[in-house]
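In what follows, a structure is listed as structure tokens, so that the remarks can point back to it.
The values are calculated or read from the model by the stated rules, or taken from the named source; none is laboratory data. A quick note: this is a predicted structure, and the numbers were derived from the prediction, not measured. Here the Cβ positions follow ideal geometry from the backbone for every residue, glycine too, while neighbour counts run over all protein chains shown. Just the protein is used for accessible areas: all its heavy atoms, side chains included, with ligands, DNA and RNA removed. Shrake-Rupley method; radii C 1.70, N 1.55, O 1.52, S 1.80 Å.
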Amino acid sequence: MDDLLAQRLKQLGLRDVDRVLTHTNRTVMVSLTARRVLRLHRGYAAAPDRVLRAIVRFLDPRLRRALRRGAEREFLAFPVEHYAPSPPRPPRCDRPQPGDLMLLHRLDQLHGRLNSEHFAGALSTLPIRVSGRMRTRLGELSVDLRSGQPIEIALSRRHISRHPWSEVEHTMLHEMVHQWQAESGLRVDHGPTFRRKAREVGVLAHAKRAVGQADGRAGIPEPSFPQVSSGPVTRSE
């Protein structure tokens, strides 16, 4: 299947890729590694040429940004899960710890206060999760890429336990700027629109922070291009 898909893509103009591999993980739909290995969801083997041609266009580094986004929307609209469903997996849940109910209540109140102070109360109420699995990220906003709607905000348990509450507030506000992007129909990224809104609400758009450190500001780098996800997508800093 991989060889046949690779042959179709090359006939449609794919260049500079040494190998094509398929998978059924719906977290990352299309990714190109530094070793020129193209990884695609297996469901694209059933896609018509116009969808595969969109993937080829998306991978062209010379393509203008607007055209690349159009190609991305086109191949993400193809229902890969109908042709290659992912095997069922048990849900991954963080083990609750003593004090979590009070902590989540405090985070809910923080979200509400920041919403009122910086967004005129326009943002929707989102579930907030404390994650013990986040070892490098301080926070993340999960967004359904197909609907564009935010799903939840997650904050690192290590971040909350090791750093001052003022930094937790900063991280929450950062993720709420991403929430504002999603609910405004904008692309969720760290581009000019994000930076303008971040300055408006007092977020440091480019600060970096290691979870294990004791001071500084929140932030991690974005994933490198090209990598495209579908279903729940995490955008973090």
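Observations
- Here the helices (runs of 4 or more DSSP H) wholly within segment 50-162 that include at least 3 residues being over 23 Å from Gly191 (Cα atoms) and either open to solvent by 60 Å² or more (accessible area, probe 1.4 Å) or modelled with pLDDT under 95 (or both) are 100-119, 157-162.
- Of all residues in segment 31-49 being open to solvent by 10 Å² or more (accessible area, probe 1.4 Å) and out of contact with any Phe, Trp or Tyr (no Cβ under 9 Å at 6 or more places or on another chain), the one that is farthest from Leu21 (Cα to Cα): Asp49
- Selection over segment 178-203 of residues that are in contact with a strand residue (DSSP E or B) (Cβ under 9 Å, 6 or more places away or on another chain) and of a type outside the set (Asp, Glu) gives a count of 6.
- Residues in segment 1-26 that are open to solvent by 70 Å² or more (accessible area, probe 1.4 Å) and either assigned to a loop (DSSP other than H, G, I, E, B) or free of Cβ contacts under 8 Å to residues at least 40 places away in the same chain (or both): Met1, Asp3, Gln7, Lys10, Gln11, Arg15, Asp16, Asp18, Arg19, Asn25, Arg26.
- Comparison of Arg217, Arg235, Arg195, Arg209 shows that the only residue that is at pLDDT 55 or above and open to solvent by 30 Å² or more (accessible area, probe 1.4 Å) is Arg195.
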